[in-house]
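For reference, the structure is listed below as structure tokens.
The values are calculated or read from the model by the stated rules, or taken from the named source; none is laboratory data. This one's a predicted model, so the numbers in the text were calculated from it and none came from an experiment. As a convention, Cβ positions derive from the backbone with ideal geometry for all residues, glycine included, and neighbour counts pool all protein chains shown. For accessibility, only protein heavy atoms count, side chains too; no ligands or nucleic acids. Shrake-Rupley method; radii C 1.70, N 1.55, O 1.52, S 1.80 Å.
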Amino acid sequence: MFQLAVLASGRGSNLKSIIDKLHLSNKNIKITCVISNKKEAKALKIAKKYKIPFYLIDENRYNEKEYEEKLIKTINLYNIDLIVLAGYMKILSPKFVNSFKDSIINIHPSLLPSFPGLHAQKQAIDYGVKISGCTVHYINNKVDAGPIIKQKAVKVEKQDDEASLSKKILKYEHQLLPATIELIAQGKVQINKYRTVSIKE
Ligand code: GAR
């Protein structure tokens, strides 16, 4: 069994796509816990609905060190194979990243390395790019800069604004993230020496 911990801070639509496409449909892959840093995160309600163990580690209650200690302790309650950041809007320390080396992935709503950080879709609109998209990548010690596993391009039309582009990209996020997790679970993804990633499909 390939076991996932999903970290999410908000709406939880990417979590829901992993539940539908993997947790409920692939007997070899299970979400064993959902963890959020935000008490209002809808992701926690989704986990509850599907009877997945869920944890709130309220970032307002702890300093950074305490927060991460709790996070590591919670993840270590399980035998986690992969940590999935699905709309997790908090930067992880090098200590955390090194503790789970090459076992943390993130979905980001742009074609990295373009538009890292917050409001990626607005950055793309403001810059005037004609193509944007989404990226699933491994986490390293720089924000949104780890080895890229999969990307999907989305056309930016002249009438698009931040909201419409976000909606278009999100639709592809919901396909790309579960598909990438499945490839990793099947042992088909390998990080090479110089940050590139090979996939046996
Ligand atoms: C998604 O668009 C995800 O790519 C983005 O937050 C949204 C979360 O939606 N993540 C980032 O911007 C990370 N830098 P969700 O809560 O409905 O999955």
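The set of residues from the range 130-154 being β-branched (Val, Ile, Thr) and crowded, with 16+ Cβ neighbours inside 10 Å comprises Thr135, Val136, Ile139, Ile148, Ile149, Val154.
Would you confirm whether or not the range 130-149 contains a residue that is assigned to a loop (DSSP other than H, G, I, E, B), hydrophobic (A, V, I, L, M, F, W, C) and either touching a Cys at 6+ places or on another chain (Cβ under 6 Å) or touching a residue at least 40 places away in the same chain (Cβ under 8 Å) (or both)? Yes, the range 130-149 contains at least one residue that is assigned to a loop (DSSP other than H, G, I, E, B), hydrophobic (A, V, I, L, M, F, W, C) and either touching a Cys at 6+ places or on another chain (Cβ under 6 Å) or touching a residue at least 40 places away in the same chain (Cβ under 8 Å) (or both). Cβ separations smaller than 7 Å between residues 6+ apart or across chains give the following pairs from the range 4-19 residues that are more than 15 Å from Leu176 (Cα to Cα) and among the charged types (D, E, K, R) to residues that are near the ligand (Cβ under 6 Å from one of its atoms) and modelled with pLDDT of 95 or more: Arg11/Gly87. For Glu68, indicate whether it is part of a helix (DSSP H, G or I) and either touching a helix residue (DSSP H, G or I) at 6+ places or on another chain (Cβ under 9 Å) or within 20 Å of Gln175 (Cα to Cα) (or both). So Glu68 fits the description; yes.
In the range 109-137, which residues are of a type outside the set (Gly, Ala, Ser), within 26 Å of Ile199 (Cα to Cα) and more than 8 Å from the ligand (Cβ to nearest atom)?
If we filter the range 109-137 for residues that are of a type outside the set (Gly, Ala, Ser), which is where we start, we get 109, 111-113, 115-116, 118-119, 121-123, 125-127, 129-131, 134-137.
With within 26 Å of Ile199 (Cα to Cα) added as a condition, the list becomes 109, 111-113, 115-116, 131, 134-137.
Result: Leu111, Leu112, Pro113, Phe115, Ile131, Thr135, Val136, His137.
Conditions (1) in a helix (DSSP H, G or I); (2) surrounded by fewer than 12 Cβ atoms within 10 Å (Cβ to Cβ); (3) more than 17 Å from the chain's Cα centre (by Cα); (4) hydrophobic (A, V, I, L, M, F, W, C), marked per residue:
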{"position": "Asp160", "(1), (2), (3), (4)": "no, no, yes, no"}
{"position": "Ser164", "(1), (2), (3), (4)": "yes, no, yes, no"}
{"position": "Tyr172", "(1), (2), (3), (4)": "yes, no, no, no"}
{"position": "Leu183", "(1), (2), (3), (4)": "yes, no, no, yes"}
{"position": "Gly187", "(1), (2), (3), (4)": "no, yes, yes, no"}
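Scanning the range 15-47 for residues that are in contact with a Phe, Trp or Tyr (Cβ under 7 Å, 6 or more places away or on another chain), under 16 Å from Gln3 (Cβ atoms) and within 12 Å of the ligand (Cβ to nearest atom) yields Ile19, Val34.
Is at least one residue of the range 58-68 without any contact (Cβ under 8 Å) to a residue 40 or more places away in the chain, closer than 27 Å to Leu118 by Cα and within 15 Å of the ligand (Cβ to nearest atom)? Break it down stepwise before answering.
Narrowing the range 58-68 to residues without any contact (Cβ under 8 Å) to a residue 40 or more places away in the chain: 58-68.
With closer than 27 Å to Leu118 by Cα added as a condition, the list becomes 58-68.
Cutting the leftovers down to within 15 Å of the ligand (Cβ to nearest atom) gives us none.
Within the range 58-68 (the criterion being without any contact (Cβ under 8 Å) to a residue 40 or more places away in the chain, closer than 27 Å to Leu118 by Cα and within 15 Å of the ligand (Cβ to nearest atom)), the answer is no, since none of the residues qualifies.
If the condition is being under 20 Å from Ala43 (Cβ atoms), not small (Gly, Ala, Ser) and not in a strand (DSSP E or B), then the range 82-118 contributes Tyr88, Met89, Lys90, Ile91, Leu92, Phe96, Phe100, Pro109, Leu118. Across the range 1-14, the qualifying residues are those that are surrounded by 15 or more Cβ atoms within 10 Å (Cβ to Cβ) and away from the ligand (no atom under 13 Å from the Cβ), and the one among them that is nearest to Ile75 (Cα to Cα) is Ala5.
Asn60 meets all of the listed conditions (1) open to solvent by 20 Å² or more (accessible area, probe 1.4 Å); (2) assigned to a loop (DSSP other than H, G, I, E, B); (3) closer than 26 Å to Val197 by Cα but one, namely (3).
Go over the candidates Asn79, Asn98, Asn106 one by one and state the one that is open to solvent by 10 Å² or more (accessible area, probe 1.4 Å), of a type in the set (S, T, N, Q) and within 12 Å of the ligand (Cβ to nearest atom).
On the way: Asn79 fails: within 12 Å of the ligand (Cβ to nearest atom); Asn98 fails: within 12 Å of the ligand (Cβ to nearest atom).
Just a single option satisfies the conditions, and that option is Asn106.
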